[in-house]
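Undergrad: The following block contains the structure, expressed as structure tokens.
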Amino acid sequence: MEKYRVLPGPEAFLPPAAACAGVVLPDPGQGHIHGEIVPEDAAMEEAAKRFLSAKVPTIFPGPLVLWGWNENAEQKATAIKALYDVLKSHNNGALLIPMPDYRPKYPKIDPEIEINPNHPNLTIWHNKIDVCMFVGVHCHQANMSLKIIRGGTSCYTIAMCAQAGHEDAMITFRDATPEKIMKLVDAVKRLKDSGASNDVRGTA
Amino acid sequence: MDKEKIKINPEFYDIMPVEYQELVENATYGKEDRGWKDVGSSKELIEEHSLCAGCPESIAFRHILASLPNPEETVMVGSTGCTSLVFPHIALHNIHSLFGNQNAVASGLKRALAYRFPDKIKDVVVLAGDGATVDIGLDMTLQSWFRQEKFATICFDNELYANTGGQESGLMQKGFVGKMAPAGKQFEKVDMPGLAKTSGCHYVAMLTSSKPNRVEKVIRNAVLIAREIGPTYVQIYTPCILEIGKQMMEGLQEMRDSEGPGQRFEYQEFITDEAKAYMEAKHPKKKRKKKRVEEKKVD
Ligand SMILES: Cc1ncc(C[n+]2csc(CCOP(=O)(O)OP(=O)(O)O)c2C)c(N)n1
Ligand code: SF4
Ligand SMILES: [Mg+2]
């Protein structure tokens, strides 16, 4: 059987959970790209490339970082804002759209100002987002949402996960700390300054 | 008691949807004298609800949330039913339990919170329908009272299983024909307040949600007494307008018609001597500031 790769969709109305298709989570110090385990630095470089070559690079901060419920969350917020600022300085179309909670909102969300895990595709379609990063979203909601995005959109997904990573994202990091997010900021800055960022669309 | 836990990180304040900005600025967390009168002038702890338009459960829910004495340190436990559609929209910690298990879940939760946070006051409040409380969860409900678990149980009594289309419940009136109970109820409505009293509840009240100040008083008593003395039970008539064939504006009148003298929802309140002494000592009645109305003198 051909190895399942976690790639941008639209894949199917109900794409499989990548874990059920044999994709495993990285160990500490690793990440994955399209389901393939790689050293974390390689995942950093790839994420930086994807962000810089995107038309609408977007960060989706979730409740774990939107709210200042402990010092770590506060520091992560600062790091995420730094990432957004560097993306915005490169591409004025960069977006920062919150996922403030997970409730099914009625009758529907305003896709201009938020993303909801139950229908993330609305926000992605509306804003024509082609690369996004989840950060601070609880595991179950992130997995579900990443799967829906893969199923119904062509958006490239990155997960900056504080736990063990996400099989359902195209690039995943694990054990996210404020320092790790800042490392990604540095990777983006380095690549941007090297001028290589305009023709860096990775191969899917 | 403050808003420490609901601080939006400043980096994200401007991108948060307005309902969250209002919540941290204008909700009544940390306010000692919260109550139903804050509804309309403060940000409510319920954002929106997905109940039928005009459903009395929705107004009862709003007044209950406005009346909780310590919302930031309160965990509500819900169960399957129409109420469970509202829980995702409230700005309060809550757990959805398997249908009927709510009082068992709340028992464990209350004990765990007491163990984990010995220096903090943590209130646990169950809110479930009559099917969950009196039928499928009756065992768990009564056992938690026998064991003197310290949390409040609120039952939204709409006298049937509304969420599944109108099956018969223990709290349905005798003779009532439900959409899914065509033979009509053969037995009397279960006397749940009576069972609560004999099972060890220290405070029991039965009411409708037609009078917000009464709802406020009862909820405050139930939560405060449960905090230190023992279990409490509140049964509120929240008629299912959909199942009894009423229009959305008719819920209030239905409640008024059912709470008069001799009616099945005539106001009942019971308090043990112990609970009464505790309330008088620790939570004396709020003295409302009386507004002096200057009478206009007419020459
Ligand atoms: C264990 C279990 N049994 C049965 C059901 C089906 N069920 C869903 S809601 C409901 C009735 C709820 O009635 P009630 O507690 O009175 O709440 P209401 O909807 O009337 O507010 C039932 C039986 C379920 N969800 N779980
Ligand atoms: S079915 Fe009945 S109880 Fe449920 S939301 Fe509608 S009116 Fe309210
Ligand atoms: Mg019911």
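The values are calculated or read from the model by the stated rules, or taken from the named source; none is laboratory data. Keep in mind the model is a prediction, meaning the values are calculated, not measured. Backbone-built Cβ (ideal geometry, glycine too); neighbour counts: all protein chains shown. Please note that ligands, DNA and RNA were not included when accessible areas were found on the heavy atoms of the full protein model with its side chains. Shrake-Rupley method; radii C 1.70, N 1.55, O 1.52, S 1.80 Å.
Undergrad: Can you pull out the residues in segment A:167-199 that are hydroxyl-bearing (Ser, Thr, Tyr) and over 27 Å from residue A:74 (Cα atoms)?
TA: A:194, A:197
Undergrad: How many residues, within segment A:87-115, are in contact with a Pro (Cβ under 7 Å, 6 or more places away or on another chain), at the interface with chain B (Cβ under 7 Å from one of its Cβ atoms) and surrounded by fewer than 19 Cβ atoms within 10 Å (Cβ to Cβ)?
TA: 3
Undergrad: Can I ask one more? If a residue must be away from chain B (no Cβ under 14 Å) and over 19 Å from residue A:180 (Cβ atoms), how many such residues does segment A:32-69 contain?
TA: 7
Undergrad: Do we find that residue A:194 is farther than 25 Å from residue A:27 by Cβ and polar (S, T, N, Q) in this structure?
TA: yes
Undergrad: Residue B:176 passes all but one of (1) within 16 Å of ligand 2 (Cβ to nearest atom); (2) in a strand (DSSP E or B); (3) more than 11 Å from residue B:234 (Cα to Cα); which number fails?
TA: If we test residue B:176 against (1) within 16 Å of ligand 2 (Cβ to nearest atom); (2) in a strand (DSSP E or B); (3) more than 11 Å from residue B:234 (Cα to Cα), just (2) comes out false.
Undergrad: Oh, and also: Tell me, which residue of segment B:138-149 that is open to solvent by 10 Å² or more (accessible area, probe 1.4 Å) and free of Cβ contacts under 8 Å to residues at least 40 places away in the same chain is nearest to ligand 3 (Cβ to nearest atom)?
TA: B:138
Undergrad: Looking only at segment A:1-55, which residues are acidic (Asp, Glu) and in contact with a strand residue (DSSP E or B) (Cβ under 7 Å, 6 or more places away or on another chain)?
TA: A:40, A:46
Undergrad: Do any residues in segment B:73-98 that are on the phi > 0 side of the Ramachandran plot have Cβ atoms under 6 Å from those of residues that are near ligand 1 (Cβ under 10 Å from one of its atoms), where the two are at least six apart or on different chains, and which pairs are they?
TA: B:81/B:129; B:81/B:132; B:81/B:163
Undergrad: Right, another one. If I filter segment B:16-38 down to residues being surrounded by fewer than 18 Cβ atoms within 10 Å (Cβ to Cβ) and outside any loop (DSSP other than H, G, I, E, B), which single residue comes out as farthest from the other protein chains (Cβ to nearest Cβ)?
TA: B:37
Undergrad: Right, next: Kindly indicate whether residue B:154 is within 14 Å of ligand 3 (Cβ to nearest atom) and either touching a strand residue (DSSP E or B) at 6+ places or on another chain (Cβ under 6 Å) or within 14 Å of another protein chain (Cβ to nearest Cβ) (or both).
TA: yes
Undergrad: Are any residues in segment A:116-132 crowded, with 21+ Cβ neighbours inside 10 Å and within 13 Å of another protein chain (Cβ to nearest Cβ), and if so, which ones?
TA: A:116, A:117, A:123
Undergrad: Exactly one of (1) more than 16 Å from ligand 3 (Cβ to nearest atom); (2) within 12 Å of chain A (Cβ to nearest Cβ); (3) among the β-branched types (Val, Ile, Thr) is unmet by residue B:86. Its number?
TA: Checking residue B:86 against (1) more than 16 Å from ligand 3 (Cβ to nearest atom); (2) within 12 Å of chain A (Cβ to nearest Cβ); (3) among the β-branched types (Val, Ile, Thr), the one that fails is (1).
Undergrad: Could you list, ordered by first residue, the pairs with Cβ atoms under 7 Å in which the first is in segment B:40-51 and within 14 Å of another protein chain (Cβ to nearest Cβ) and the second is open to solvent by 50 Å² or more (accessible area, probe 1.4 Å) and part of a loop (DSSP other than H, G, I, E, B), at least 6 apart or interchain?
TA: Listed pairs, sorted by first residue: B:48/A:106; B:50/A:106.
Undergrad: In segment B:120-137, how many are within 16 Å of ligand 3 (Cβ to nearest atom), within 18 Å of the chain's Cα centre (by Cα) and not in a strand (DSSP E or B)?
TA: 6
Undergrad: Additional query: Quick check: is even one residue across segment B:76-87 surrounded by fewer than 22 Cβ atoms within 10 Å (Cβ to Cβ) and not in a helix (DSSP H, G or I)?
TA: For segment B:76-87, residues surrounded by fewer than 22 Cβ atoms within 10 Å (Cβ to Cβ) and not in a helix (DSSP H, G or I): absent.
Undergrad: Further question: Condition first: in a loop (DSSP other than H, G, I, E, B) and either open to solvent by less than 60 Å² (accessible area, probe 1.4 Å) or within 24 Å of residue A:95 (Cα to Cα) (or both). Now tell me which residues in segment A:24-40 satisfy that.
TA: Within segment A:24-40, A:26, A:29, A:34, A:35 meet the criteria.
Undergrad: Taking the residues in segment A:70-86 that are free of Cβ contacts under 8 Å to residues at least 60 places away in the same chain and at the interface with chain B (Cβ under 7 Å from one of its Cβ atoms) as candidates, determine which candidate is surrounded by the fewest Cβ atoms within 10 Å (Cβ to Cβ).
TA: A:74
Let's see how each residue does on (1) more than 16 Å from ligand 1 (Cβ to nearest atom); (2) surrounded by 24 or more Cβ atoms within 10 Å (Cβ to Cβ):
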site	(1), (2)
B:151	yes, yes
B:167	no, no
B:180	no, no
B:187	yes, no
B:190	no, no
B:199	yes, no
B:202	yes, yes
B:211	yes, no
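Undergrad: Does residue B:230 satisfy being assigned to a loop (DSSP other than H, G, I, E, B) and in contact with a helix residue (DSSP H, G or I) (Cβ under 9 Å, 6 or more places away or on another chain)?
TA: So residue B:230 passes the test.
Undergrad: So, in segment B:153-165, of the ones that are within 9 Å of ligand 1 (Cβ to nearest atom) and assigned to a strand (DSSP E or B), which residue ends up farthest from residue B:203 (Cα to Cα)?
TA: Among residues in segment B:153-165 that are within 9 Å of ligand 1 (Cβ to nearest atom) and assigned to a strand (DSSP E or B), the one farthest from residue B:203 (Cα to Cα) is B:161.
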